[in-house]
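Colleague: Below you'll find the structure I mean.
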Amino acid sequence: MSSHLLAGLLDARTDRLVTVAGTTLSHADLLGAAGAVAESLVGRQRVAVSATPTMTTVVGVTGALLAGVEVVPVPPDSGSAELRHMLTDAAPDAWLGGAPDETTLPTIDVDEAARASYEPGVVDSERIAFVLYTSGTTGLPKGVLLSRRALTAGLDGLIDAWGWTGDDTVVHGLPLFHVHGLVLGALGPLRVGGSLVHVGKGTPEAYAGVAGTMYFAVPTIWSRIAEAPEHAAALRDARLLVSGSAALPVPVFERVRELTGHEVAERYGMSETLITVATRADGVRRAGWVGVPVDGVETRVVGDDGAAVAHDGESVGRLEVRGPTLFSGYLNRPEATAESFTDDRWFRTGDVAVIDAAGNHRIVGRESVDLIKSAGYRIGAGEIESTLLGHPAVAECAVIGVPDPDLGQRIVAFVVAHSPVSAAELTSHVGEELSAHKRPREVVFVDALPRNEMGKVQKKRLAQ
Ligand code: MCA
Ligand code: AMP
């Protein structure tokens, strides 16, 4: 395959189709429309894209990648504080495609009907393709800088692991502002020269309505498919069902196997590292295990003392990774970048894992209770706490993720209020400032938060 990130798309085939929420373009037409976008981006460095699950987003992002212009994919439901933060931190030149109402930035139109024959120039592989915002345990989301080298290596690892070819049709309904939906789910088919159907919203019915060879979903969607036998049966003819972004519960793996005849292939990754570990299509599939390192990636587990932990399938340690799929740092955050690496340049994932003698990985959990995974979204407890504290009625608060059969974890906020306020008001306050999936599902009003002698909130006690 050519070294260009979008090698498969550049072949401009007319029999390979990209469908997003009901609109279809052939690869040739997508290339033509994206070429017109690329022409209109001359002189730009970095653009923001309101990453709705639409063809406009796919054409806009593809055009920017052809032109070598950086993209900041912005969640379309971003609240005001979150949006302000991303625009200040990333300082894009313009909005590409639709922009939020009160924008002061110039906007550049995306015309899906345009057809330009654009000759992409050579772009340095270390050039940044995406600034992707993701939450940490505290503070505001950080912009993860993903280079073309990382994206190419990350996708090639999966192309190898899954025997992914131009004959595959990927089906999914994932958001286009995170690695799963955007990199794997949109760029993957364009790199490999295959077809894509983005169903708009990830419901069992929508997945069942499309014939594909590979279905990508987060565990929440698999769990909903497992509860919908009438739709699950439609996935029998697939080649590969893939789960990632959070742990797939063993009962869901088993139920999907009963209903579809397929064992779901789980893979593991992060915004900062892309997908580093994957179950191979021709490899062992074990419920609760996420596979082996993808081509070019190395992993290790270390104990609290930093010493290597045995790869015996039982010993638990902190997972560290290195290889060509890694990010180029956090935007404007050299200290946070430095802290995320060990002295010998391994990336600290913050996940706790077990590796067996054959190199298979099982993710045991996260080191910090302050990073919550809900419906596959990574959510920082600290960001929600600061937002709640910005509400005049809130004196103190603590946010935790509690186990949830549908969402993996659901966000619960414990609040000490100094004036009367309803749970609904606090929830919508978070939705207005941040984004919809960061809203607590439950607000519990308490007289005081449990604290240790140092005054630190004891979140483990809250969880009980
Ligand atoms: C949700 N609702 C609420 C609240 N939360 N209402 C009141 N208070 C709340 N706190 C509403 C929603 O607005 C919605 O209303 C309804 O409840 C159902 O919401 P929900 O349960 O969230 O389900 P959903 O809207 O059906 O979405 C589920 C989903 C979605 C499709 C699984 O969460 C999703 O697409 N998740 C994927 C996240 C992802 O791509 N992560 C990848 C990160 P209404 O129905 O009226 O709208 S990348 C990554 O992790 C790495 C690299 C990796 O490994 O992949
Ligand atoms: P994000 O930055 O949104 O990409 O989230 C990355 C985090 O998702 C990882 O650090 C893990 O905690 C979690 N994650 C991703 N895939 C899996 C998986 N297959 N099993 C368990 N956790 C996962």
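Colleague: Under a 5 Å amide H to amide H cut-off, with H placed in plane at 1.01 Å, what residues pair with residue 71 once short-range neighbours are removed?
Modeller: Distant-sequence amide H within range of residue 71: 47, 130, 131.
Colleague: Let me ask something additional. Using the Kirkwood radius over Cα pairs, work out the Stokes-Einstein diffusion coefficient for region 106-161 at 10 °C and 1.306 mPa s, in µm²/s as a whole number.
Modeller: 108 µm²/s
Colleague: Only counting other Cβ atoms within 10 Å, I'd like 15, 295 sorted with the fewest neighbours first.
Modeller: Starting with the residue having the fewest Cβ neighbours, the order is 15, 295.
Colleague: Sort 306-312, 186-192 by packing, meaning the average of other beta carbons within 10 Å per residue, with the highest value first.
Modeller: The densest-packed peptide leads the list: 186-192, 306-312.
Colleague: Show the residues, 5+ positions off or on another chain, whose built amide H is closer than 5 Å to the amide H of residue 374.
Modeller: Counting only residues 5 or more places away or on other chains, the set is 379.
Colleague: Can you tell me, using C-alpha contacts under 8 Å and at least 6 residues apart, the relative contact order of region 129-267 as a whole percent?
Modeller: Relative contact order here is 17 percent.
Colleague: While we're looking at this one, here's another question. Quick check on the exposure proxy: order 130, 445 from fewest to most C-beta atoms within 10 angstrom.
Modeller: Working: 130 28, 445 14.
Lowest count first: 445, 130.
Colleague: What does the highest-first list of 262-274, 117-129 look like by mean Cβ count within 10 Å?
Modeller: Packing order, densest peptide first, comes out as 262-274, 117-129.
Colleague: Suppose a student asked you for the relative contact order of region 27-151, using Cα pairs under 8 Å spaced at least 6 residues apart; what percent would you report?
Modeller: 30 percent
Colleague: If you don't mind, another one. Rank these for me by crowding, 460, 142, going from fewest to most other beta carbons within 10 Å. Intermediate values should be presented prior to the final figure.
Modeller: Numbers: 460 10, 142 24.
Ordered from fewest to most neighbouring Cβ atoms within 10 Å, 460, 142 come out as 460, 142.
Colleague: Here's another thing I want to ask about it. Local charge sum around residue 9 (other residues, Cβ-Cβ under 10 Å, Lys/Arg +1, Asp/Glu -1)? Numbers along the way, then the final one.
Modeller: On the way: positive: 13, 16, 191; negative: 11.
The answer is +2.
Colleague: Hey, how much of the P(r) for region 195-271 falls beyond 21 Å, as a percent of Cα pairs?
Modeller: Details: 464 of 2926 pairs.
Within region 195-271, distances greater than 21 Å cover 16 percent of Cα pairs.
Colleague: Which one of 63, 409, 206 is farthest out on the positive end of the charge dipole of the chain, using unit charges on Cβ (Lys, Arg +1; Asp, Glu -1) and the Cα centre as origin?
Modeller: Going by the charge dipole, the pick is 409.
Colleague: Just to check I understand the Karplus step: with θ = phi - 60° and J = 6.51 cos²θ - 1.76 cosθ + 1.60, what whole-Hz values come out for region 152-164, glycine and proline as x?
Modeller: 5, 5, x, 6, 5, x, 7, 4, 5, 5, 9, x, 6
Colleague: What list of ³J(HN,Hα) couplings, whole Hz, do you get for region 370-384 from phi and the Karplus terms 6.51, -1.76, 1.60, once you set θ to phi - 60° and write x for glycine and proline?
Modeller: Running phi through 6.51 cos²θ - 1.76 cosθ + 1.60 with θ = phi - 60° gives 8, 10, 9, 10, 10, 6, x, 8, 8, 10, x, 4, x, 5, 6 Hz.
Colleague: Using θ = phi - 60° and the Karplus relation 6.51 cos²θ - 1.76 cosθ + 1.60, list the HN-Hα couplings for region 249-264 in order, rounded to whole Hz, with x at every Gly or Pro.
Modeller: These are the phi-based 3J(HN,Hα) values: x, 3, x, 6, 3, 5, 5, 5, 4, 4, 7, 10, x, 10, 8, 5 Hz.
Colleague: How many angstrom separate the Cα center of region 118-183 from the Cα center of region 281-316?
Modeller: Taking the Cα centre of region 281-316 as reference, the centre of region 118-183 is 23 Å away.
Colleague: I would also like to ask the following. For the chain, what's the relative contact order in percent, using C-alpha pairs closer than 8 Å and at least 6 residues apart?
Modeller: Worked out over the chain, it gives 13 percent.
Colleague: So for each of 72-83, 283-294 I average, over its residues, the number of other beta carbons within 10 Å; can you give me the resulting order with the highest mean first?
Modeller: Listed from highest to lowest mean packing, they are 72-83, 283-294.
Each value in this text was obtained by applying a stated rule to the coordinates, not by laboratory testing. Please read these numbers as outputs of a predicted model, since none were measured by experiment. In this analysis, Cβ positions are derived from the backbone assuming ideal geometry, glycine residues included, and neighbour counts consider all displayed protein chains.
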